[in-house]
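One structure below.
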């Protein structure tokens with residue numbers, strides 16, 4: 001059994017992919033539930049700004065209207081403002097983070113910068129409650145697969161990078177003692193990292209980089225010591 005785990009090609013990669021899929025299914029289910037609960041609330045808020053008609057690169061309806069909404073509190077305040085009384089805003093006057101829409105421009109204000117986009121390339125369109133509802137249904141229908149794909153990709157990249165760095169450190173620290181190949185260290189760390197990661201998710205506590213390193217170091221030392229004794233006994 002241990003010979004298969006430590007020596008069979010791609011066994012570690014397969015285990016990591018399977019684990020990533022299982023974890024991603026769990027988080028996708030949580031995320032999809034959150035999206036399902038959030039979309040109706042967001043849809044209701046957006047509906048308060050509709051209908052909006054864009055024609056000729058600017059908002060033509062509603063005219064001479066201002067709708068100002070503030071969301072959040074304390075340091076997490078966001079504003080959403082629709083003001084069709086003016087063609088553009090003076091950016092120095094946009095102090096709060098959020099979304100500001102004039103007749104011809106959209107301003108996205110964050111802590112570090114203000115992005116400005118115009119309506120020149122936007123086709124003539126009427127955005128009303130029906131369009132909004134159709135978009136919300138599409139997002140809700142497709143969100144699961146996109147969330148799942150994103151989580152799988154992120155988890156695989158993060159885990160592979162972490163395992164690779166831990167393995168390099170372990171190999172450097174233990175190669176002088178056991179003289180084992182790097183691929184064996186990589187496989188040991190892959191299985192050990194999966195177990196540690198799974199346990200931290202189950203208990204709901206992140207043990208941190210240092211503790212993970214210590215655990216993986218102990219596992220590597222123990223496995224290599226045991227393999228060394230097995231060879232001597234043989």
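Readers should treat all values here as calculations from the given coordinates under stated rules, not as data from a laboratory. Here the structure is a predicted model, which means the values were calculated and not measured. When we count neighbours, we look across all protein chains shown, and the Cβ atoms used for this are built from the backbone with ideal geometry, even at glycine.
For segment 161-234, the relative contact order works out to 37 percent when only alpha carbon pairs closer than 8 Å and six or more residues apart are counted.
Note on 201, 30: ascending count of other Cβ atoms within 10 Å places them as 30, 201, the fewest first. Of all the options 16, 165, 156, the one that moves most in a Gaussian network model of the chain with Cα springs shorter than 10 angstrom is 165.
Round to the nearest 0.05 the FRET efficiency obtained for residue 117 and residue 18 when R0 = 41 Å and r is the Cβ-Cβ distance. The pair residue 117/residue 18 has a calculated efficiency of 0.45. Between residue 129 and residue 209, the contour length at 0.36 nm per residue exceeds the Cα-Cα span by 23.9 nm. Largest GNM mean-square fluctuation among 124, 87, 111, using the chain with Cα springs under 10 Å: 111.
With Kirkwood's inverse mean 1/r over C-alpha pairs for Rh, give me the Rg to Rh ratio of segment 51-127, two decimals please.
Details: Rg = 12.7 Å, Rh = 12.9 Å.
Here Rg/Rh amounts to 0.99.
The simple spin-label model puts a point 7 Å past each Cα toward its Cβ; for residue 228 and residue 140 those points are separated by 6.1 nm. In terms of surrounding Cβ atoms within a 10 Å radius of their Cβ, 11, 22 rank from fewest to most as 22, 11. Once the Cβ-Cβ distance of residue 91 and residue 175 is raised to the sixth power relative to R0 = 45 Å, the FRET efficiency obtained is 0.20.
Helix-only mean residue ellipticity at 222 nm, the chain, DSSP H runs n ≥ 4 weighted -39,500 (n - 2.57), per residue, nearest 500. What is it? Please list the in-between numbers first.
Values: 5 runs with 141 residues, N = 234.
It lands at -21500 deg cm²/dmol.
Of 115, 141, 58, the residue with the greatest mean-square motion in the GNM of the chain, using alpha carbon springs below 10 Å, is 115.
Over the chain, what relative contact order in percent results from Cα pairs under 8 Å that are six or more residues apart?
20 percent
The ranking of 69, 145, 103 from fewest to most other beta carbons within 10 Å of each one's beta carbon is 145, 69, 103. Given contacts defined as C-alpha pairs under 8 Å and at least six residues apart, what's the relative contact order of segment 51-127, whole-number percent? Taking the mean separation of contacting Cα pairs over the length of segment 51-127, I get 33 percent.
Considering only the Cα atoms of the chain, their convex hull presents on average a projected area of 18.2 nm².
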